[in-house]
1. Among the residues of the stretch 88-112, write down those that are under 24 Å from Ala180 (Cα atoms), modelled with pLDDT of 95 or more and surrounded by fewer than 18 Cβ atoms within 10 Å (Cβ to Cβ).
2. Can you pull out the residues in the stretch 203-215 that are free of Cβ contacts under 8 Å to residues at least 60 places away in the same chain and in contact with a helix residue (DSSP H, G or I) (Cβ under 7 Å, 6 or more places away or on another chain)?
3. I'm trying to understand the selection: among the residues of the stretch 145-187, which are assigned to a helix (DSSP H, G or I) and under 21 Å from the mean Cα position of the chain (by Cα)?
4. Any idea which residue in the stretch 126-140 is nearest to Leu185 (Cα to Cα), counting only those that are crowded, with 23+ Cβ neighbours inside 10 Å and either out of contact with any strand residue (DSSP E or B) (no Cβ under 7 Å at 6 or more places or on another chain) or not assigned by TED's automatic domain parsing to the domain that holds Asp113 (or both)?
5. Name the residues in the stretch 79-93 that are among the hydrophobic types (A, V, I, L, M, F, W, C) and more than 30 Å from Pro222 (Cβ to Cβ), would you?
6. If the Cβ limit is 7 Å and pairs must be 6+ apart or interchain, which residue in the stretch 516-540 that is under 10 Å from Leu48 (Cα atoms) pairs with which residue that is of a type in the set (D, E, K, R) and in a strand (DSSP E or B)?
7. Restricting to helices (runs of 4 or more DSSP H) lying wholly in the stretch 379-497: which have 1 or more residues that are within 17 Å of Thr316 (Cα to Cα) and without any contact (Cβ under 8 Å) to a residue 12 or more places away in the chain?
8. Any residue at all in the stretch 347-366 that's within 23 Å of Asp321 (Cβ to Cβ), crowded, with 19+ Cβ neighbours inside 10 Å, touching an Asp or Glu at 6+ places or on another chain (Cβ under 9 Å) and not polar (S, T, N, Q)?
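The values are calculated or read from the model by the stated rules, or taken from the named source; none is laboratory data. Note that this is a predicted model, so its numbers are computed, not measured. So basically every Cβ, Gly included, is an ideal-geometry build from the backbone, and we count neighbours across all protein chains shown.
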Amino acid sequence: MADSGLSRRSVLQLGGSVALLFATGACAAGSKDSGSGAKSAGPAAGTLRIAVSSYLSSWDQDFVGFDLTALMLYKNVFPYLIDYGVTDAGGSKILDTQNITPTFAESFEPSADQKVWTLKLRKGVKFASGNELKAADVKWSKDRAFAAQANVAGVYRTIGLTEASQVAVVDDYTVTFTQAFPSALTRQIQAISLYVFDSVEAKKHATADDPWAKDWLAKNAPTGGYFNVTKATQGQEIVLEANKGYPGPDPAKAATIRISVVPDGSNQRLQLQNGDIDVALGIGQRDIADLKKADGITVVSAASNEQVAIQMSVTTAPFDDVDVRKALAYAVPYDQIIANVYGGDARPTKSLVPLDMPGYDAGGYPYTYDVEMAKAALGGRTVNSELVFETDNATQQQIAVLVQSEARKAGIELKLTPLDPATLAGRRQQKNIPLQLTSGQLWVNDVEYMLATSFVKGAALNYSNFTNAEIEQIYEQSHTTVDETARLALWKRVQQVFAAEVPWVIICQPNFNLPVRSTVAGWVQPMDGLARLRYLSTSA
């Protein structure tokens, strides 16, 4: 089946293809018990109070991007049919992208050629409306996604799904997905895409002008996930109740979660210290550092796949010279940044491939702080550039100052340029930034996806303007390479190319820090940045 429209490399992070935000009004989802004939999820107890910085922009996941509050809530209130397991990394619990397991589904398995994937649903699982979750809901949800040509339709292209006809109902509890080609990314792409609407309820609110009930779904919370929404007051509060009918592993530990909107980080800190909230999701690093010494508060430190880097434009002088790029790589004080900026709460890394990503090779970035090696790479030259970072980002400013000081010793003079978000976005579009500090994490823990976002021609996050014929060839080859050994061999070669070409200075992977009351337990660090609240509990 031919691809219809965008190429695979145009697909980036979920929500990156189209970000249509709908205004939401005050709403309240039905609070009916979602109990069913399915296996009981087991008891949940206690009320957990969480503060977030903003209210969500819409309840309609098909049309929301760049709203982390909304995307986090969706993971907890939509029924996602498969999800990541949990593993240990760096002494903390994290979501395990190598172990994607059924939750609301019974199974999700491929055919021998890995092109046809069969999804089997558990029987008796119900939405809060009382409607049973069936194959027709899955089909309607994916038909809607293809009609929207937004989030899911974008990421589905990476695994050869481009048309609604490729998703077929076999019976009430079985759905098949027929891909144009086999892909090693299928499980991960489906883990972020297999959420389901209550189609019976949604169809009641469809009209001739709005056949997919966009207006209604934007304003009314979904149900049937790990939690159901029992109250939602615009701009103020959302109340979640554990779904007693959840049939899968790891049921919610807290019976109730009250999510309050507290825009100001200092107010979140005060409420946390006073015991008015249990978890603060909007406190800055400076306040977090102080809270590490506060009574009754624990700062959870969890291994993260966030990467902090300096992207060097390989098409802009002086960094169009690979020796200048190597010189800067030797001039950055990596250990000093980890110690002084992050207080030691970051992991050093030796590859542009993130730690904990399959294929990570410690030989992928053979650069350490060495002023003499930096001078040798420059061959006695002095070069000048600007180093761009985000205005009001204290962490990036600290890093920039340290890099400026050490680079000067090697013969690299850097002018520090803080930019507001709009100006930074404009200059990125113009591709005229020679050096810029970046930080972020990938939503799919795979090198193919990393290449698609950052290292091939046309990739939206390729601020270094890096292109390499061999990387392009490997990227194309990876699309249909499903054998793990063969993929790992490709990724090793990718990192060898990066080591030679040095498009980035890779600084470190800072741990994620979360301030909570000492009575809170169970945090699992999400590799996609979206907290699974079902693991959290409180003994208060």
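1. Within the stretch 88-112, Ser107, Glu109, Pro110, Ser111, Ala112 meet the criteria.
2. Answer for the stretch 203-215, where residues must be free of Cβ contacts under 8 Å to residues at least 60 places away in the same chain and in contact with a helix residue (DSSP H, G or I) (Cβ under 7 Å, 6 or more places away or on another chain): His205, Ala213.
3. Scanning the stretch 145-187 gives Ala145, Asn151, Val152, Ala153, Gly154, Val155, Tyr156, Arg157, Thr158, Ile159, Thr186, Arg187.
4. Checking each candidate, the answer is Asp137.
5. Ala89
6. Going by the 7 Å Cβ cut-off, the qualifying pairs are Ala540/Arg517.
7. Numbers: elements: 394-410, 421-430, 447-454, 469-478.
Counting at least 1 such residues, we get 421-430.
8. Within the stretch 347-366, not a single residue is within 23 Å of Asp321 (Cβ to Cβ), crowded, with 19+ Cβ neighbours inside 10 Å, touching an Asp or Glu at 6+ places or on another chain (Cβ under 9 Å) and not polar (S, T, N, Q).
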